[in-house]
Structure formats: C-alpha cells, structure tokens
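Inspection log for the structure reproduced underneath, given as structure tokens.
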Amino acid sequence: MEEFLNIIISRANYWVFIILMMIGLYGILIKKNAVKKIIGMNIMQTAIILFFISIGAKRSATIPIIEHGRGSVHTTVTASHYINPLPHVLMLTAIVVAVATLGVALALAIKIFGQYQTLEEDEILEIFEEEERGR
C-alpha cells in the first residue's frame with residue numbers, strides 16, 4: 001500500500017494535468033454559455049502546456065550549454081546531465097497559439113452577442129429555428 005501511495009504522490013503532475021483537463025472538458029461539453037466554453041478551452045490548453053513543461057523537467061540536470069574552458073580538455077559531455085529544451089520551446093509556441101485562439105474566440109463571441117444579444121447556446125439555437133420557420 002505504501003508503494004502505491006508513493007507512486008501516486010510521485011506522479012502529482014499527472015494528477016494536476018488530469019484534473020485540469022477534466023475541468024476544461026466539463027466547461028466545453030456541459031456549459032451552454034459561449035464565454036464559459038471559451039474559458040474551458042483555455043483551461044484545457046493550459047493543462048496541456050503544464051503537462052509538457054512538467055515532463056520536460058529533470059532533477060539535478062542543467063541547461064544544455066557546454067562551458068568551454070572549465071575542467072580538463074578531455075571532459076566528456078553526457079546527455080543525461082542536461083535538460084531537453086525542445087518541450088519548453090514547443091510550449092512557447094503553444095502559448096502563442098493559445099493566446100491567438102483565445103483572441104479569435106472572444107472576437108467571435110462579441111460578434112455573436114452583437115447579432116443575437118445573447119451568448120447562451122440554447123437561446124441562439126431557438127433564434128436559428130425561428131429564422132428557419134420564417135423562411
């Protein structure tokens with residue numbers, strides 16, 4: 001039992017990721033307000049970014065910059081002593097994409113509100129149905 005608890009505690013970043021993903025998924029699937037759906041989407045994007053950053057970290061490792069002039073000339077470089085910067089760089093790109101997606105989604109929400117005077121999914125669908133019956 002103690003081993004099981006140690007495994008669960010040692011993987012805390014996965015549990016945080018799962019909880020944030022489920023909160024975001026709940027916001028997207030269950031909520032009917034467009035702004036709440038956008039917030040849910042943003043929470044999911046943040047969860048994915050946090051997940052990749054957390055799996056890219058390594059204990060007792062350093063940045064991958066080889067310091068020339070330190071130590072002997074015959075010092076070997078071991079890749080296991082360095083952090084892989086690729087997940088962090090990719091997540092910088094993901095953050096830019098998330099901000100752009102959020103901006104477009106909020107602009108669409110403003111446009112929808114300007115046209116239909118509501119952001120509730122049910123009310124917008126009723127307006128669509130009324131327009132279809134009127135044609």
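The values are calculated or read from the model by the stated rules, or taken from the named source; none is laboratory data. These numbers were taken from a predicted model, which means no experiment stands behind them. All Cβ positions, glycine included, derive from the backbone under ideal geometry; neighbour counts span all protein chains shown. Just so you know, the surface numbers come from the protein's heavy atoms only, side chains and all, with ligands and any DNA or RNA stripped out. Shrake-Rupley method; radii C 1.70, N 1.55, O 1.52, S 1.80 Å.
Just give me a number: lysine pairs in the chain, eight or more positions apart or cross-chain, with C-alpha atoms less than 30 Å apart. Mind showing how you got there, number by number?
Numbers: Lys31/Lys111; Lys32/Lys111; Lys36/Lys111; Lys37/Lys111.
So the count of such lysine pairs works out to 4.
In the P(r) worked out for the chain, what percent of Cα pairs fall beyond 17 Å? Walk me through the numbers on the way to the answer.
Working: 6618 of 9045 pairs.
It works out to 73 percent of all Cα pairs.
Just add up the charged neighbours of Ile38: K/R +1, D/E -1, any other residue whose Cβ is under 14 Å from the Cβ of Ile38.
Working: positive: Lys31, Lys32, Lys36, Lys37, Lys111; negative: Glu120, Glu121.
Spelling it out: positives minus negatives among the neighbours equals +3.
With the full set of protein chains in place, find how many percent of the accessible area of the chain is carbon and sulfur; take the probe as 1.4 Å. Intermediate values should be presented prior to the final figure.
Values: 7150 of 10510 Å².
Whole-percent figure for carbon plus sulfur exposure: 68.
Any idea what angle helix 121-134 forms with the longest principal axis of the chain, computed on alpha-carbon atoms, 0 to 90 degrees, nearest 10?
It is inclined by approximately 40 degrees.
Quick one: accessible area per residue over the chain, 1.4 Å probe, rounded to a whole number of Å²?
Averaged over the residues of the chain, the accessible area is 78 Å².
Between helix 34-56 and the chain, what is the angle of the helix's C-alpha long axis to the longest principal axis, kept within 0 to 90° and rounded to the nearest 10?
Tilt relative to the chain: about 10 degrees.
In percent, how large is the relative contact order of the chain, given Cα pairs closer than 8 Å and 6 or more residues apart?
Numbers: 100 pairs, mean separation 32.2, N = 135.
The normalised contact order for the chain reaches 24 percent.
Sorted by packing (mean other beta-carbon atoms within 10 Å per residue), highest first, where do 31-42, 4-15, 93-104 land? Before the final figure, lay out each step's value.
On the way: 31-42: 17.4, 4-15: 10.4, 93-104: 12.6.
Per-residue mean Cβ counts within 10 Å order the peptides as 31-42, 93-104, 4-15.
Of the listed peptides 114-121, 16-23, what is their order by residue-averaged count of other C-beta atoms within 10 Å, with the highest listed first?
Put in order of decreasing packing, that is 16-23, 114-121.
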